[in-house]
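For reference, the structure discussed in these notes is given below.
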Amino acid sequence: MTQHPYNPGRLLFGGDYNPEQWSKDVWAKDIALMRRAAVNTVSLGIFSWALLEPREGEYDVEWLDGIIAMLHEAGIGFFLATPTASPPPWFTRAHPDAMPVRADGTTLTHGSRDTYAVSSPAYREASQRIARFLAERYGAHPGLRGWHVHNEYGTIDYGPHAADAFRRWLRSKYETLDELNAAWTTAFWSQSYGEWEDILPPRDTQYLHNPAHVVDFKRFNSDEMLAAFTEQKAAIVASGSTAPITTNFMLPTWNHLEQWSWSEAQDVVSIDHYLDDPGIDGDTHVAYCGDLTRSWAGGPWLLMEQNAIGIRVGDRTYVKGPDQTIRNSLGYIARGSQSSLFFQWRASAGGSELWHGALVPHAGESSRAFETVVELGSILESISEVVEPPTDGRPVEADVAILWDAEGWWATDTPHLPNDALSYSDEVRATHRSLWRAGISVDFVRAGDDLSRYRLMIIPSMFALSEADAAWATSYVRSGGQLVVQFFSGIADMNQRVITGGYPGMLRELLGVRTEEIRPLPDGESLELDKGFHSEMWSERVQLEGASSLVDYRAGALSGLPAITRNDVGMGAATYLSTRLTQLSRDRYYAQLCADLGIDPVVSDAAPLGVEAVRRRGAAADYLFLLHHGSDSVTVSGEGVDLVTGSNAAGLTLDPGDVAVIRESSRKWMLVKENSASA
Ligand code: GLA
């Protein structure tokens with residue numbers, strides 16, 4: 001059932017729960033601990049296919065019935081997963097052709113999870129069958145909070161089923177091989193296709209792939225997995241279940257799905273987010289995840305998993321302390337999450353992820369980790385009124401928009417660019433980080449969206465753009481918008497065919513510039529620009545064609561030539577950053593630009609003190625979230641009530657690591673470093 005804006009009635013707290021790994025006496029203990037911590041939601045059955053259907057068509061639900069009854073009696077709701085991310089061993093034996101094949105031709109075998117070829121008819125049929133079975137049995141259960149279809153779609157198959165399905169997708173996109181050959185520039189390296197059967201997934205080959213082939217395969221995979229999701233969704237709906245249906249996206253590394261179309265297909269958008277930095281950049285990434293997911297969802301959303309206790313970076317797991325656990329949880333909620341859910345409730349004693357942190361760690365409930373869980377549960381109960389969304393469904397207001405485009409990510413990921421160090425995801429994140437550091441709220445937008453509410457729009461390095469995208473950006477500027485385009489955007493069309501005659505072909509007229517030469521920099525080298533800015537990685541020889549230069553290169557071969565330009569168009573302006581500003585320069589650039597445009601931080605003196613300030617709009621009030629990442633105590637003055645402590649917000653002290661969620665009576669806030677307040 002589509003619910004807009006999504007409102008579960010209370011903030012959901014809990015996480016993945018795998019009772020099947022434990023004996024029944026542990027279940028009873030778990031439920032008692034959940035109640036102690038005010039856990040109200042668990043996700044069940046995510047990888048339980050082999051237990052639920054031990055032999056084809058034979059079901060064993062005694063254990064699931066049992067735990068659901070116990071949870072329900074304790075007032076704990078549940079998301080029920082369809083377990084299709086982990087087909088059972090009997091399925092592998094019966095359908096060896098349904099195993100995924102890697103790009104190098106290796107067929108994977110059972111023994112982990114996600115061993116399926118998504119285009120295999122047997123897999124698709126078995127998935128719908130188990131989804132239908134579960135929906136018929138549990139779809140009307142009063143404790144059911146929603147359907148968690150599959151888990152983190154993203155297993156890519158290069159085998160024969162994928163080849164067949166890819167060809168069908170290509171036929172429907174291009175209709176004729178002539179069209180496909182032209183779009184893919186197959187004249188290069190003797191790749192012209194004379195028969196559809198000659199087209200394969202981009203399996204390992206001798207040297208470079210054709211980038212148009214690679215990006216179409218990405219598009220195909222996103223559509224193919226979406227079809228698999230939609231079939232399961234249809235099976236659930238057909239059973240009569242009206243519980244909201246979602247599937248969990250994944251950040252930061254997953255780039256297999258076109259999130260805008262996927263978000264439209266779900267009743268509520270959910271995501272799993274794993275920090276990739278144990279330091280302050282982890283906190284900026286929480287904000288990035290929150291802003292992205294809220295934007296995809298177009299309103300409130302669900303944090304389906306986050307890491308408990310541990311932060312896995314590279315080959316080790318760092319400890320996530322109590323303060324950070326609480327701050328991060330509130331960081332997502334500040335940005336519209338209706339939940340704080342974790343992977344997982346109880347740390348596994350065995351199995352592949354036995355060293356993954358959990359709300360109940362191996363040490364048990366007598367632990368700092370579990371005390372934190374109890375504290376978090378109590379905070380979430382105190383602030384639960386924030387769950388009521390505003391009538392327009394927009395939990396956060398922003399004046400700045402960043403274009404998000406999965407296809408842009410895929411295009412920029414293709415190899416052999418002028419500088420392969422360029423990463424779309426890094427560019428988006430670095431830009432978002434600058435705005436986060438300036439305390440400015442950000443939305444992400446999709447090409448074609450209504451931009452009338454935004455005063456600034458940023459196109460991060462977006463190699464491929466369509467003519468429609470360029471026209472959309474132009475009309476935004478003409479009607480008064482301020483646009484910033486970062487280097488290497490609009491160079492090519494959606495098939496990675498360069499617009500010749502000077503870069504960036506798609507946006508040349510709008511930007512009033514012509515780049516004739518891209519000049520990458522060696523790693524570690526930086527360039528000096530005017531006004532004290534520095535840049536790295538990328539530079540361009542830019543000629544002005546109507547724009548004026550705001551900042552010139554100061555050194556090297558480009559000295560005295562334009563680095564940052566501005567073109568007044570209609571009632572707005574289009575700015576071009578032809579080089580990659582270092583993070584510090586980028587921070588300064590965007591902070592100054594926002595100040596010039598009158599785009600204010602949520603609370604002007606918060607960010608310099610290390611306090612993240614986010615305003616979450618609610619049905620009856622607005623809530624100011626203050627998350628203290630800094631190192632000095634801060635005194636707050638303003639009118640409102642801090643829901644965390646229940647005290648008046650005026651005179652509230654935030655020590656490093658503290659959080660406050662203030663029901664605002666006015667929007668005037670001042671934050672002062674404590675010793676300077678008393679000085
Ligand atoms: C993902 C999965 C979980 C678990 C965690 C931790 O988000 O959804 O099942 O594997 O990662 O690794």
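Throughout, read-outs are computed from the coordinates displayed, never taken from laboratory work. Small disclaimer: the values here were computed from a predicted structure and weren't measured. Ideal geometry is used to build each Cβ from the backbone, glycine not excepted, and the neighbour counts take in all protein chains shown.
Note down the net charge around R588, summing +1 for each Lys or Arg and -1 for each Asp or Glu among other residues with Cβ under 11 Å from its Cβ.
Local charge sum for R588: +2.
With each label point set 7 Å from Cα along the Cα-Cβ vector, what nm distance links A94 and A557?
6.3 nm
So between V237 and D204, what do we pick up on full extension, going 0.36 nm a residue minus the alpha carbon distance?
7.9 nm
Using Cα pairs closer than 8 Å and at least 6 residues apart in sequence, work out the relative contact order for region 48-126, in percent.
Across region 48-126, relative contact order equals 26 percent.
With a Förster radius of 56 Å, plug the Cβ-Cβ distance of W63 and D392 into 1/(1 + (r/R0)^6) and report the FRET value to the nearest 0.05.
0.80
Taking amide H positions as placed 1.01 Å from N in the peptide plane, with prolines and chain starts having none, which residues 5 or more places from D622, or on another chain, fall under 5 Å of its amide H?
Sorted by chain and number, the residues that satisfy this are E664.
Compute the distance from the alpha-carbon center of region 330-374 to that of region 63-81, in whole Å.
19 Å
When a/c reaches 1.5 or more, the comparison of a/b and b/c decides; with that in mind, is region 400-596 rounded, prolate or oblate per its Cα gyration tensor?
Rounded shape, in that the Cα axes give a/c under 1.5.
I'd like the FRET efficiency for A28 and A227, computed as 1/(1 + (r/R0)^6) with the beta carbon distance as r and R0 of 35 Å, rounded to 0.05.
Efficiency computed from Cβ-Cβ geometry: 0.25.
DSSP loop (so not H, G, I, E, B), at most 12 other Cβ within 10 Å: list which GluC sites (Glu not before Pro) in region 178-259 pass both filters.
Here the GluC sites (Glu not before Pro) that fit, given the DSSP loop and packing criteria, are E195.
Using only Cα atoms, figure out Rg for region 607-678 and give it as a multiple of 2.2 N^0.38 Å.
1.01
Report the gain in length on full extension from H4 to R36: 0.36 nm times residue separation, minus Cα-Cα distance, nm rounded to one decimal.
My answer for the length gained is 8.3 nm.
With r defined as the distance between the Cβ atoms of W189 and E56 and R0 fixed at 45 Å, what FRET efficiency is calculated, to the nearest 0.05?
Between W189 and E56 the formula returns 0.45.
At most 10 other Cβ atoms within 10 Å and a DSSP loop assignment: could you name the chymotrypsin sites (Phe, Trp or Tyr not before Pro) in region 118-226 that fit?
Passing both the DSSP loop test and the Cβ count: Y207.
From zero up to wherever the largest Cα-Cα distance of region 212-271 sits, split into 5 Å bins and tell me the percent of pairs in each.
4, 17, 26, 24, 15, 8, 4, 2, 0
Which whole-number percent is the relative contact order of the chain (Cα, under 8 Å, 6+ apart)?
11 percent
Under the 0.36 nm per residue contour assumption, what length would be gained going from the current alpha-carbon distance of S112 and E371 to full extension?
90.0 nm
Just report the Cα centroid separation between region 506-533 and region 113-185, whole Å.
Cα centres, region 506-533 to region 113-185: 42 Å.
Taking the convex hull of the alpha carbon atoms in the chain, what volume per residue do you get, in Å³?
For the chain, the hull spanned by Cα atoms encloses 162 Å³ per residue.
Report the relative contact order of region 358-457, percent, no decimals, based on alpha-carbon pairs under 8 angstrom and at least 6 residues apart.
It rounds to 34 percent for region 358-457.
Using a simple charge model, +1 on the beta-carbon of Lys and Arg, -1 on the beta-carbon of Asp and Glu, nothing else, what dipole does region 607-678 show about its Cα centre, in debye to the nearest 20?
320 debye
Return the calculated 222 nm mean residue ellipticity for the chain, to the nearest 500 deg cm²/dmol, obtained by summing -39500 (n - 2.57) across DSSP H runs with n ≥ 4 and dividing by the residue count.
About -9500 deg cm²/dmol.
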